[in-house]
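The values are calculated or read from the model by the stated rules, or taken from the named source; none is laboratory data. Only a predicted model underlies this, so the values are computations on that prediction, with no experimental measurement involved. Note that each Cβ is placed from the backbone with ideal geometry, even for glycine, and that neighbours are counted across all protein chains shown. These accessible areas exclude ligands, DNA and RNA; they are computed on the full protein's heavy atoms, side chains included. Shrake-Rupley method; radii C 1.70, N 1.55, O 1.52, S 1.80 Å.
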Amino acid sequence: MRVLGIETSCDETGVAVVEDGCRILASRVLSQVDIHEPFGGVVPEIASRAHVEVITRLLERTLDDVRGSPAPAPRRPEAPVDAVAAVHRPGLVGSLLVGLTAAKSLAWAWGVPFVGVDHVHAHIYAAFLRDTPPFELPVVEDAFPAISLIVSGGHTSLYRSDAWMEHRLLGSTTDDAAGEAFDKAAAILGLGYPGGPAIARAARDGNPGAIGFPRTLLEPASLDFSFSGIKTAVLYHVKGQNARRGAPIRAGVRIADVAASFESAVVDVLVEKLRRALRREGLRRAIVGGGVAANRTLRARLERLAKEEGLELLCPDIALCTDNGAMVAGAGYQVLRAAGPGDLSLDVSCMATG
Ligand code: KG4
Ligand code: ZN
């Protein structure tokens, strides 16, 4: 079964076709980074308009890619795919509406099922997608139960995952998301937007032990996160105690050391919380996803944890960590199998995944 997946929850327009919930036949992502960069963050109204401008062309091109691929022909020649999936929550309402409306319209016109997908569930699913063989999903018992850690610009949460689309929230951020902390710290350091890749680049030449930024772990049993303290610590370190954001960076501050120390502190917290969740639930399998999971320091630390504790770690390819249509198509296949076709009256929602 071929599913077309559409992602427009924030500032990336993602369109992809995935076969049998695993094999990526085509995937294209158009980022709006350049458009939002002058504002230092995503401007919702501009984001939704930018999705409208590109989505039709992106759909056409992605479907052309599939026609040119060596994959077998679709089941029904009158429709290029067997189902259409789009993210309907959580995200920016105007942006979500663009992808959801496109998906419903295409499903209706082609006479194929439509399904709505939760963006966070799609991030969890990204670890199971492939664009090289073997194109096979594990049996459900070999993939679950697991602890899923989703770290992105909008979300930092831990879930207990018991099946493809069964995820129970264990903890989440009480203030900033980890990616948001990267973005804000990068803005303070004058490194540009988006901050995650910029901090990671700057950190390469820095000493992660140079500055002891706080590792906020909250109460010993807590699986929640807090990243607002470290952001303020970065601000005061580089611009002086009680400084405002617009203040100049103090002379002698080594940006590379600040970036490396910040990255190391955030990674420590994410790894420690994942370890706690695994212990509490008595599980030995972890799934990681979301834009921050593209961070190489985090990936290396997670691999070390997995080795030390004999864990199975499922991490998507770097390109599939940030928002994309393939994770939506894959998750949509599972939603369809578990719950059947969605209703064309489905609405968008900005509410966080429970
Ligand atoms: O998953 P995503 O594309 O969108 C949301 O669902 O939020 O994540 C975007 C976030 C941004 O905050 C970005 O700075 C962060 O992921 N990010 C990174 C890296 N690449 C992207 N953070 C740390 N290191 C990276 N290499
Ligand atoms: Zn995302």
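Structure data summary
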| item | result |
| --- | --- |
| Tally of residues being open to solvent by 10 Å² or more (accessible area, probe 1.4 Å) and more than 10 Å from ligand 2 (Cβ to nearest atom) across the stretch 1-10 | 2 |
| Failed criterion for Ala178 (all others in (1) within 13 Å of ligand 1 (Cβ to nearest atom); (2) open to solvent by less than 10 Å² (accessible area, probe 1.4 Å); (3) touching an Asp or Glu at 6+ places or on another chain (Cβ under 8 Å) hold) | (3) |
| The stretch 295-354, residues that are touching a Lys or Arg at 6+ places or on another chain (Cβ under 8 Å), free of Cβ contacts under 8 Å to residues at least 60 places away in the same chain, surrounded by 14 or more Cβ atoms within 10 Å (Cβ to Cβ) and assigned to a helix (DSSP H, G or I) | Leu305 |
| Residue list for the stretch 149-158, restricted to those being over 11 Å from Gly291 (Cβ atoms) and either in the same structural domain as Ile124 (by TED's automatic domain parsing) or not polar (S, T, N, Q) (or both) | Leu149, Leu158 |
| The lone exception for Leu223 - which of (1) part of a loop (DSSP other than H, G, I, E, B); (2) more than 23 Å from the chain's Cα centre (by Cα); (3) modelled with pLDDT of 95 or more it fails | (2) |
| Which listed residue is within 27 Å of the chain's Cα centre (by Cα), in a loop (DSSP other than H, G, I, E, B) and within 29 Å of Ile318 (Cβ to Cβ), from Pro214, Pro197 | Pro214 |
| Residue count, the stretch 181-205 (criterion: open to solvent by 50 Å² or more (accessible area, probe 1.4 Å), without any contact (Cβ under 8 Å) to a residue 60 or more places away in the chain and within 8 Å of ligand 1 (Cβ to nearest atom)) | 0 |
| Looking only at the stretch 244-263, and only at residues there that are assigned to a helix (DSSP H, G or I) and touching a residue at least 60 places away in the same chain (Cβ under 8 Å), the one that is nearest to Ile230 (Cα to Cα) | Phe262 |
| Members of the stretch 214-246 found to be charged (D, E, K, R) and under 22 Å from Gly153 (Cβ atoms), listed by number | Arg215, Asp224, Lys231, Arg245 |
